[in-house]
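The values are calculated or read from the model by the stated rules, or taken from the named source; none is laboratory data. All figures in this text were calculated on a predicted structure; none of them were measured in a lab. Ideal geometry is used to build each Cβ from the backbone, glycine not excepted, and the neighbour counts take in all protein chains shown. All accessible areas refer to the heavy atoms of the entire protein, side chains included, with ligands and DNA or RNA removed. Shrake-Rupley method; radii C 1.70, N 1.55, O 1.52, S 1.80 Å.
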Amino acid sequence: LIAGEKLKLLFQFIKYETEQNDSTSGKENNFLGKKEGAQKPQEGRSEVAAETPQPAGFGQEKQIGDHEKTLKANKEDKPQKLLEMNGNTAVPHSYDYDLIVIGGGSGGLAAAKEAAKYEKKVMVLDFVTPTPLGNSWGLGGTCVNVGCIPKKLMHQAALLGQALQDSRKFGWQFTEEVKHNWMTMTESVQNYIGSLNWGYRVALREKKVTYENAYGEFVGPHTVKATNKRGVEKLYTAERFLIATGERPRYLGIPGDKEYCISSDDLFSLPYCPGKTLVVGASYVALECAGFLVGLGLDVTVMVRSILLRGFDQDMANKIGEYMEEHGIKFIREFVPIKVEQIEEGTPGRLKVIAKSTNGNEIIEGEYNTVLIAIGRDSCTRNIGLDKVGVQINEKTGKIPVNDEEQTNVPYIYAVGDILQDKLELTPVAIQAGRLLVQRLYGGATTKCDYVNVPTTVFTPLEYGACGYSEEAAVEKFGEENIEVYHSHFWPLEWTVPSRDNNKCYAKIICNIQDNERVIGFHVLGPNAGEVTQGFAAAIKCGMTKEQLDSTIGIHPVCAEIFTTLSVTKRSGENTLQAGC
């Protein structure tokens, strides 16, 4: 149909709708297919029309005015008036922004800065709801403020303590007692984080991205309400939205948990040394925090409900647990806290933890200075108005299902990061997904984020790097008869002189026999595991086979060279302990 015929039909439709609205005064307007059972409106038009309480017309594929203007043009029989603006062209709908990003973490910031490269008008809304103890932080999200960055720095502090002990065997002499000062460490870490927060704000300003420290919440199609810490509310509209709100620590839901316990959101800026600490949980967050706390000289106990590092290779997880126990961490297995009581106030104070067996009715009690809860994290999706715009979430987990282009079921709303259903919860993944999404939206690119063979590292005292399938997942996927596992223990040269932890490090690869022994799983326990894994991850992306790995000449003497000489298979049952260099 030509534009004039389309307009004629449109005005007939509007006239009908107006009569219907007049006859159903006070009822919700269901224009353009909003009635139950009505035909689905054309994509794009429904998004615009739904923004106004009255009908909007379209001509030449663009919005042409609102209800009142359309009716006036219809009565005057001059519909072309609505097109005779700016050189006889239809005026597109005007939004405040091209893209509004809700969440100023790694993924959200990466997407916002990428969109700015395409000269798009971008806004970032970021607001940190304080923890039950009142802690909050600046721009940058979990990783920068209460995750990867402070965790790795405090892990390094613990490694330096071990290095001091090792140094005596290498000839270093010092007589004074070596002690650790918690406040010096946390102040230094927080100063660095503060510099990152400032750097993010400067980067947004330089790229002309509008930043507001305000809580973003959908209130209608293409519209969000931003509420700042003073309670001042503003409404903004955008053509597209990106949800990148991340997750926050989950609490136990028992008496005393929020009143007296802390989470990883509190630990890294804790204004006093935590003292004797109970870590509740067996997640990587729990084990990493327990690891650096004991490395700083504290008394640490980990209470575990079931298994360590659920979702990771259990062979590696159990080896990590054994190493941690050998280095002073106590484990209480198959117990969960049911109540936390305060015995004495202080910094730290004294707490009594009452716990119950998961296999019976046994009750135990223990006293600690600090209780750190690290049992998992919940997606920040339930209180941002997604129901008002129809975005579907997994009701059990709060996760958002998306297609392979990070698009939700609402076409103009996208999501990246830890809130995605069935996707990896890793900072670099969120960054990659955010950048690629923007490049597709505004740059004409077609590359999608690849969530397969993503490397990661758990920074426990004995670091664990992994890429690809766990052994359990590989057996389930391909069958035990179709995989070959090559493995070996090893002893880092740096640990030989101090004579510690002989053959505690471990290397393992999982190969698909039916695919030319292609490496489908890579696992390493040892120093600098992340640095080792990153390089091999690139090779796995390229389809590395066992034969190619064997033909690679190793660098001597380094830990990573063990992967070029793996010859013992698990099914053979042969000895994997390393002797000599």
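Points to keep in mind about this one:
- Peptides 126-135, 463-472, 164-173, 97-106 ranked from most to least packed by the mean count of surrounding Cβ atoms within 10 Å: 97-106, 463-472, 126-135, 164-173.
- Using 0.36 nm per residue and subtracting the Cα-Cα separation, the extra length available between residue 579 and residue 299 on full extension is 97.4 nm.
- Label point distance in nm, residue 558-residue 446, each placed 7 Å from Cα along Cα→Cβ: 3.7
- To the nearest 10, the accessible area of residue 331 is 30 Å² with a 1.4 Å probe.
- Pairs of lysine residues in region 255-398 that meet both criteria, 8 or more places apart or on different chains and Cα atoms under 25 Å apart, total 19.
- Gain in span if fully extended, residue 493 to residue 547, counting 0.36 nm per residue against the direct Cα distance: 16.8 nm
- Largest accessible area first, the listed residues 491, 182, 137 line up as 491, 137, 182 when surface is computed with a 1.4 Å probe on the assembled protein chains.
- Summing charges over all other residues whose Cβ lies under 12 Å from the Cβ of residue 525, with Lys and Arg as +1 and Asp and Glu as -1, gives -2.
- Three semi-axes of the equivalent ellipsoid, region 341-438, Cα gyration tensor, whole Å, largest first: 40, 16, 14
- Expressed as a fraction of 2.2 N^0.38 Å, the C-alpha radius of gyration for region 462-572 is 1.04.
- Calculated SAXS-style log₁₀ I(q)/I(0) at q = 0.11, 0.13, 0.17 Å⁻¹ - region 258-383, Debye, Cα scatterers: -0.37, -0.52, -0.89
- Under 10 Å, Cβ to Cβ, from residue 459 - net charge with Lys/Arg +1 and Asp/Glu -1: 0
- For residue 187, solvent-accessible area (1.4 Å; no DNA, RNA or ligand), Å²: 120
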